[in-house]
Amino acid sequence: MPVQIRKGIDRRYLSSIILLQETAKDEFEAKKLKQLVFERINSGGVQLKPQESRNAIFNGPLNELCIKLARNKFLCRTWNIPEPVEGEQEPSDILLANNAFREMEDVELVLRFFANRQREELFKSSSNFGNFLDNYLRYGNYLPEDTLLGMAKLFEDTIEFMFNLLGEKAFWLYRQRNTKWNWFQRPTTAVYDSIMQVASNYLPQKEKVLENQAQADDKLAEFYKENYSTFEGRNTNPSILKEREAKFTEFFESLIDK
């Protein structure tokens, strides 16, 4: 190369950060340190969304399962994400333009479903819900393969059940704005987290519930009116999540008792 080009290359450098094995007391702590360093380095560039960060730091069997299940057609239909096409290998331009797909929010939705099922045992009131998801994914990557297969079937059965019961508006919220009540015409995690958890418990009775699908659709708006204070906002502390699940349990029981 010409001398001036060689000088230009010589002035460039690559930085590296070395985390010694002895820095952390165990493997889980070591991964947490990696996440901390990764997030601090990345803060100088494009800020990653929480699930993008988890994907980079906590990749493993559970993470890969969540990515696979995020292309479930019923999840896509209820969250306004382009559905998978036959033989899909690479994401299309339309799919890449979808914010939920591009920022891995769809993958987080699957993770939230799994994590919520063990929330009572693992999520302490003083914890941040985002940290809870980090820790759940970190430990979940070590679950046995047969356990992961069972989790996958549970998610697929539950999201299909919800779509068959309430359609594309399964996770919409009926809310009050300026004294008027209207559907918030996009899905919310305030609804999704709780109704998916409760619906999974009613899979053995899903045929009975689906027999009253028309009544479920009619009763839903009134249900949110009566319980609006419970669902308003993005509160994710354990007590409010438990209260939302209790309300949805009453809702499902009312369909079975018809």
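The values are calculated or read from the model by the stated rules, or taken from the named source; none is laboratory data. Everything numeric in this text was worked out from a predicted model, so none of it was measured. Cβ: placed from backbone, ideal geometry, glycine included. Neighbour counts: every protein chain shown. These area figures cover heavy atoms from the full protein model, side chains too; ligands, DNA and RNA do not enter into them. Shrake-Rupley method; radii C 1.70, N 1.55, O 1.52, S 1.80 Å.
In segment 235-250, the residues that are outside any loop (DSSP other than H, G, I, E, B) form Cβ pairs under 7 Å with partners that are open to solvent by 50 Å² or more (accessible area, probe 1.4 Å), at six or more places apart or across chains, as follows: Pro238/Ser125. Within the set Phe113, Phe123, the sole residue that is in contact with a helix residue (DSSP H, G or I) (Cβ under 6 Å, 6 or more places away or on another chain), under 24 Å from Ala56 (Cβ atoms), at pLDDT 95 or above and open to solvent by less than 80 Å² (accessible area, probe 1.4 Å) turns out to be Phe113. Those helices (runs of 4 or more DSSP H) of segment 1-106 in which at least 2 residues are at pLDDT below 85 and open to solvent by 70 Å² or more (accessible area, probe 1.4 Å), considering only elements entirely within it, cover 3-10, 27-42. Take segment 226-247 and flag every residue that is within 19 Å of the chain's Cα centre (by Cα) and among the aromatic types (Phe, Trp, Tyr). Correct list: Phe231 only. The residue that is nearest to the chain's Cα centre (by Cα), counting only those in segment 147-177 that are over 22 Å from Ala100 (Cα atoms) and open to solvent by 80 Å² or more (accessible area, probe 1.4 Å), is Lys153.
Contact annotation: residue pairs with Cβ atoms under 7 Å, 6 or more positions apart or on different chains, pairing a residue in segment 45-70 that is closer than 20 Å to Asn99 by Cβ and without any contact (Cβ under 8 Å) to a residue 60 or more places away in the chain with a partner that is hydrophobic (A, V, I, L, M, F, W, C) and outside any helix (DSSP H, G or I), are Lys49/Met104; Glu52/Met104; Asn55/Met104.
Of all residues in segment 79-106, those that are closer than 25 Å to Phe171 by Cα and acidic (Asp, Glu) have Cβ atoms under 9 Å from Cβ atoms of residues that are open to solvent by 90 Å² or more (accessible area, probe 1.4 Å) and part of a helix (DSSP H, G or I), 6 or more apart or on another chain, in Glu83/Lys73. Answer with yes or no whether Glu232 is surrounded by fewer than 17 Cβ atoms within 10 Å (Cβ to Cβ) and on the phi < 0 side of the Ramachandran plot. Answer is yes for this residue. Counting just the residues of segment 178-201 that are assigned to a loop (DSSP other than H, G, I, E, B) and open to solvent by 60 Å² or more (accessible area, probe 1.4 Å), which one comes out nearest to Asp157 (Cα to Cα)? Result: Arg186.
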